[in-house]
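Have a look at the structure below before the remarks.
The values are calculated or read from the model by the stated rules, or taken from the named source; none is laboratory data. Here the structure is a predicted model, which means the values were calculated and not measured. All Cβ positions, even for glycine, are placed from backbone atoms using ideal geometry, and neighbour counts span all protein chains on display. When the accessible area is computed, the model is the full protein with side chains, heavy atoms only, and any ligands, DNA or RNA have been set aside. Shrake-Rupley method; radii C 1.70, N 1.55, O 1.52, S 1.80 Å.
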Amino acid sequence: SDGGLTSNTLYRYRIIATNAAGADGDQSSSAGKYTRPNVPGTPFFTDVMENSLSVNWTAPDGGSYTYQVWRCKDSGCSPNGLVDNDEVNLFFDNSGLVANTLYRYNVRAKSSLSGLFSADSNIGEQMTAAPANTAPTASITSGLPSAIVIGRTYTLIGTGTDPEGQALTYHWDITLGG
């Protein structure tokens, strides 16, 4: 067992046989292995829009890395869709997302020295922005005469629509003049 090793570091080992009398034999040839990189920081998010966001993370100690960014959609999922395989920055701009939807991300560091990957980062999650609310439209469809006669009752019929399909309520507003 060899404890206290540093991440992303090459360690070389060889064995020397020693007999009961204390005489050392020949040394074996050296065998080297790299340790895995440390884990990147938990993803955090900036520039969150309806259909895009920026995924950010902090670099692990000890080396030069590229990163894999993994994503899934909705609560409770495990990020299993690779969205960037060779990111050199500490951020990834993700577009083409669905508005008002939860996305979960994790990141892996890949050592430029050994090609080994770190374990997955903790999962960061972010909801994309909801679409902007667009004002409904209303119009009088019938019952409005070309001239209004004082003292006469009129029945006006109107309709309204909401671009997002939200339920509408109505009220009439009367103004004088033009």
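Listed values, structure above:
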read-out: Solvent exposure of the range 50-178 as accessible area per residue, Å², 1.4 Å probe; value: 65
read-out: Efficiency of FRET between residue 18 and residue 112 - r from beta-carbon atoms, R0 41 angstrom, step 0.05; value: 0.60
read-out: Length-normalised contact order of the range 81-178 in % [C-alpha pairs under 8 Å, at least 6 apart]; value: 20
read-out: Accessible carbon and sulfur surface of the chain relative to its total accessible area, %, 1.4 Å; value: 51
read-out: Projected label distance in nm at residue 153 and residue 74, using a 7 Å step from Cα toward the beta-carbon; value: 5.5
read-out: Ranked order, 33, 110 - accessible area, probe 1.4 Å, largest first; value: 33, 110
read-out: Relative contact order of the chain, pairs being alpha-carbon contacts under 8 Å that are 6 or more residues apart, as %; value: 19
read-out: Rounded to the nearest 10 Å², the accessible area of residue 15 at probe 1.4 Å; value: 120
